[in-house]
Amino acid sequence: MKQQISETVGLDLAFLSIISLMSIINLSYIIATYNRLPFLKITLEKLLGELQPDEEIVVIDGNSIDGTKDYLQQLFKEGKIHQFISEPDKNQAHAWNKGMLLAKGNIIKKIIDDDVHAYSAIRKCKDFMLLHPGIDVCISNSLESSLANPTKINMEGRLPWYKKWKEGTIKTFSFGDVHMLVRKTSLSYIGLYDTQFKMMDWEYSLRISFLQAKIAYYTGYNSISVFTPGNVSSTATPELLKYEDAIGKLKYNYPGDRSDISLYSQLKIAAGKFIHRQKNKSRDEVVMPFEEELKKIYNSYYQKLNEYNNNNNQEFLY
């Protein structure tokens, strides 16, 4: 009888161990959105098709009035997304910080609702970070485009500045967070987004590199940054950029590289303002594509992103 009890207990413990392993979340995808339902649907549809058992989706909605809340509520009921809240945000940094704090995964990946993401490349970065627990942040090369000209894609990478930073030639460098993965336990050192900054990813990258966090660089592409109508960066004024640039230079001993504010940020601002001007020229000029046309454009983006990764050899530098 004692042997039977022992065997039963052993089986129960083994079963509980398996259940525990199955419940581990290695990667949290966090999304902050506000009145961007057409983009959000495209992004979530793609992500849901790629989601792995050890991953979760956390969505922060800023109390949208375009049907986003009902859409997310339905996905949550169906068990397709794991966490979501819908409430007003103070600003975009506030929203993203909520997602970081809610994330249960060992690693956090920010998913911007109107950008394009290569989930196979993201998983490579995730696996690399899991194998190298000393890495705080992993970034990659990136591609950039605009709905104003979706056939044109620019390659943008921060590798030269990363190498200078690794060599100790420069103390800090900037990079876009659209292609960044961060270890959740590292937040206790690098912190959350600064809610005082409009260009919050620019400040965050300067802070991370200034603090000498352990950054790995993936030479593949895990995203295409797509500049669309209504992006937050397009509302930044020249005066605000100069003010934030001055703070960055003073606080993080940042000399600048190609410009005071990174090229990534300047392109994003310029593209957003151009699209906004075009949209308001007349009611007959509709810059924002209809839903079906938008899907076609994004499908072509996903295809091109895969082609870039398939046609290039990738490696991790750290």
Problem set entry | For SER186, net neighbour charge (Lys/Arg +1, Asp/Glu -1) across residues whose Cβ lies under 10 Å away | +2
Problem set entry | For the range 169-176, 3J(HN,Hα) per residue [Karplus equation, 6.51 cos²θ - 1.76 cosθ + 1.60, θ = phi - 60°, Hz, x = Gly/Pro] | 5, 10, 8, 7, 8, 9, 7, x
Exercise. Tell me which aspartates and glutamates have Cα within less than 13 Å of LYS171's Cα, excluding those fewer than 8 residues away on the same chain?
Worked result: ASP257
For this session: Would you mind calculating the gained length between SER120 and ILE65 on full extension (0.36 nm times residue separation, minus the Cα-Cα distance), in nm to one decimal?
Result: 16.5 nm
Exercise. Could you give the Stokes-Einstein D for the range 112-264 in µm² per second, using the C-alpha Kirkwood radius, 4 °C, 1.567 mPa s?
Worked result: 80
Problem set entry | Per-residue SASA entry for TRP96, accessible area with 1.4 Å probe, Å² rounded to 10 | 20
For this session: List every residue whose amide H lies under 5 Å from the amide H of ILE107, counting only residues 5 or more places away in sequence or on a different chain, with H placed 1.01 Å from N in the peptide plane.
Result: LEU27, SER28, LYS184
Exercise. If the convex hull of the alpha-carbon atoms of the range 43-161 is projected onto planes in all directions, what is the mean projected area in square nanometres?
Worked result: 9.5
Seminar exercise, completed: The base-10 log of I(q)/I(0) that the Debye equation returns for the range 151-240 at q = 0.13 Å⁻¹, one scatterer per C-alpha, is -0.52
Seminar exercise, completed: Ordering 40-50, 135-145 by per-residue average of other C-beta atoms within 10 angstrom, highest first, gives 135-145, 40-50
Seminar exercise, completed: trypsin sites (Lys or Arg not before Pro) in the range 50-96 lying in a DSSP loop, each with at most 13 other Cβ atoms within 10 Å of its Cβ, come to LYS90
Problem set entry | Among the listed pairs LYS109/LYS214; LYS198/LYS295; LYS41/LYS104; LYS166/LYS214, those beyond 20 Å (Cα-Cα) | LYS198/LYS295; LYS41/LYS104
For this session: Could you calculate the contour length gain from LYS104 to ASP127, that is, 0.36 nm times the residue separation minus the distance between their Cα atoms, to one decimal place in nm?
Result: 6.6 nm
Problem set entry | Virtual paramagnetic centre 7 Å along Cα→Cβ of LYS251, amide N under 14 Å, in the range 199-217 | 199-211
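What does the extension gain come out to for LYS164 and TYR302, with contour length at 0.36 nm per residue minus their alpha carbon separation?
Between LYS164 and TYR302, full extension yields 46.5 nm more.
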Problem set entry | Set of aspartates and glutamates with alpha-carbon distance to LYS251 below 19 Å, sequence-local pairs under 8 removed | ASP194, ASP201, GLU203, GLU239, ASP260
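The values are calculated or read from the model by the stated rules, or taken from the named source; none is laboratory data. Everything numeric in this text was worked out from a predicted model, so none of it was measured. We place every Cβ from the backbone using ideal geometry, glycine too, and count neighbours over all the protein chains shown. To get the accessible areas, we keep the full protein, side chains included, count just its heavy atoms, and leave off ligands, DNA and RNA. Shrake-Rupley method; radii C 1.70, N 1.55, O 1.52, S 1.80 Å.
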